[in-house]
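Values quoted throughout were computed directly from the atomic coordinates according to the rules given, and no laboratory measurement underlies them. These figures come from a predicted structure and were not determined experimentally. Ideal geometry is used to build each Cβ from the backbone, glycine not excepted, and the neighbour counts take in all protein chains shown.
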Amino acid sequence: MGCDPAWGAALAGHALREVPPPAGAVVSVFWPMPGEIDTRPLLDALHARGHTVLLPETPPRGNPLLFRQWLPGMVMVRERFGTHKPTGEIGVPDVLFIPLVAFDRAGRRLGYGGGYYDRTLATLPGARAIGVAFAAQELDEVPTADYDARLDAVVTEQGVLRCKDF
């Protein structure tokens, strides 16, 4: 999939205008992998607004994610599955921007199959879950199981889809 560099900036603009994290919220975003929309403009903008920004760290299979503080220019450490993590202190997010393989208008999501975000969201009942994807990743319906966590919203390069009121 070709990725226009302007799409990441568009995504950040939509997120900050339409589903901005509350002042003082601790926010988790993910470092983009090849083929994903560029989340770095969102990372930079959240940091500039004074938010503590966390990135996920992949724990052993079967565990919820850990989150480490990210700062601009920080060295990123390569992890398994092609992900990268920062070296900052561990924190707990209030708002999570979550990578998606697919999504639908009901807030159902398909991730990468490890169940990490489902387990994580189960431990953070008050957290806001916002999916991040290209608009082209929307499906009519995503199949789910009882344990699959639903999204509050999805942000893409084309705008925001609200799945719940908040």
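When you restrict to C-alpha pairs under 8 Å that are six or more residues apart and normalise by the size of region 86-166, the relative contact order lands at 34 percent. Between the listed residues 32, 103, 139, the Cα displaced farthest toward the positive end of the dipole of region 6-158, a dipole computed from Cβ unit charges relative to the Cα centre, is found at 32. Computed about its Cα centre, the charge dipole of region 6-158 is approximately 380 debye, with only Lys, Arg, Asp and Glu carrying charge at their Cβ.
Report the relative contact order of region 6-158, percent, no decimals, based on alpha-carbon pairs under 8 angstrom and at least 6 residues apart.
23 percent.
Of the trypsin sites (Lys or Arg not before Pro) found in region 14-78, the ones in coil according to DSSP and having at most 14 other Cβ atoms within 10 Å of their Cβ are 49, 61.
Across all directions, the shadow cast by the convex hull of region 29-156 built on its C-alpha atoms averages 7.6 square nanometres. Inter-label distance, residue 160 to residue 40: 2.5 nm, where each label sits 7 Å from its Cα along the C-beta direction. Sites listed here are chymotrypsin sites (Phe, Trp or Tyr not before Pro) in region 96-163 whose DSSP assignment is loop and whose Cβ has at most 12 other Cβ atoms within 10 Å: 147. Once the C-beta distance of residue 33 and residue 144 is scaled by a Förster radius of 22 Å, the resulting FRET efficiency is 0.40 to the nearest 0.05. The residues neighbouring residue 138, those whose beta-carbon lies less than 13 Å from its own, together hold a net charge of -1 under the Lys/Arg +1, Asp/Glu -1 convention. Taking amide hydrogens as placed 1.01 Å from N in the peptide plane, the amide H of residue 102 sits under 5 Å from those of 110, each at least 5 positions away in sequence or on another chain. Loop sites here are GluC sites (Glu not before Pro) outside DSSP states H, G, I, E and B with no more than 10 other Cβ atoms within 10 Å. The longest part of the chain free of them is 1-88.
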